[in-house]
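One structure is given below, encoded as structure tokens.
Laboratory data are not the source of any read-out in this text; all were calculated from the coordinates shown. All of these numbers come straight from a predicted model, not from anything done at the bench. Every residue, glycine among them, receives a Cβ derived from its backbone with ideal geometry; neighbour counts consider all protein chains shown.
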Amino acid sequence: MWAASTPVRGEYKLRTFTHLAGEERSWTIYKEHGCRFKVDITKVFITPRLNNEHIRVARQVRPGEVVVNMFAGAGLFSIIIACKSKPRKVYSIDINEHAYKLMIENARLNRVEDIVEPIHGDAARVVEERLQQVADRVLMPLPDLALQYLPHALKALKPQGGVIHIYLHIHTPKGVNPLEEAWRKAKTRLPPGSRLLQARRVRPVGPRTLQVVLDVEVRHSG
């Protein structure tokens, strides 16, 4: 048994855990939507509170799509998409080497290693060097970096455009609509004509702070 002793923090969004009782083992097999994932709570970020988001996004993926997941962690979004939809390819990127190694294991564990391609590195650099204009859909499930990395997500989309799922943390003082505020922040960084398909509240993450997601359709001109 382990207990979190600090909030999520740092580049890899990790908590510090204290061992309370039982076997002193920080990894386990986590099951979600019929998929199995090896995770280590001391080395990668994971939360069951994204359960609904994982399957919601997977159900939007159309047969034959190419997906780029810019902040993949242990691969939950990527692998659930591969198992539940029929994408042609899911490029699954994370800068955390432990997450990358777990992605490789988890793709094999769920028999989707021919679809999910784990990539170790910074998502901006990976897109710039090898994944420009390949994606029908881009996932950005790291709110702290989503707006900063949005220009690279746009470059990952195919020339005709596609869909980007942008996750943000929005502070909500009294009278502020968090979904409207999220769209206000994002739309100034998107090409003209980008269309908001859906905005939804994902989960509370702090006092008067919500995680929200914007599903945005981008159509490149020309």
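Couple of notes before you dig in:
- Summed over all non-identical Cα pairs, the Kirkwood treatment of the stretch 108-222 gives a radius of 15.2 Å.
- The local environment of residue 66, defined by Cβ-Cβ distances under 15 Å, has a net charge of +4 under the rule Lys, Arg +1 and Asp, Glu -1.
- Computed helical MRE - 222 nm, the chain, DSSP H runs ≥ 4 contributing -39500 (n - 2.57), nearest 500: -8000 deg cm²/dmol
- Centre separation in Å (Cα based) which lies between the stretch 72-111 and the stretch 147-222: 23 Å
- Each peptide in 159-166, 48-55, 87-94 was scored by the mean count of other Cβ atoms within 10 Å over its residues; highest first, the order is 87-94, 159-166, 48-55.
- Surrounding net charge for residue 163, when Lys and Arg each add one and Asp and Glu each subtract one, Cβ distance under 12 Å: +1
- Sorting 129, 181, 217 from the fewest to the most surrounding beta carbons within 10 angstrom yields 129, 217, 181.
- The amide H of residue 119, built 1.01 Å from its N in the peptide plane, has 92, 93, 94 as neighbours under 5 Å, considering only residues 5 or more places off or on other chains.
- Which listed pairs, of 84/155; 155/185; 84/185; 101/158; 155/187; 43/185, have C-alpha distances above 21 Å, in listed order: 84/155; 84/185; 101/158; 43/185
- Enclosing the Cα atoms of the stretch 34-134 in their convex hull gives a volume equal to 88 cubic angstrom per residue.
- A full extension of the chain between residue 122 and residue 195 corresponds to an added length of 23.5 nm, given 0.36 nm per residue minus the alpha carbon distance.
- Sorted on the mean count of surrounding Cβ atoms within 10 Å across their residues, most packed first, peptides 144-151, 115-122, 192-199 read 115-122, 144-151, 192-199.
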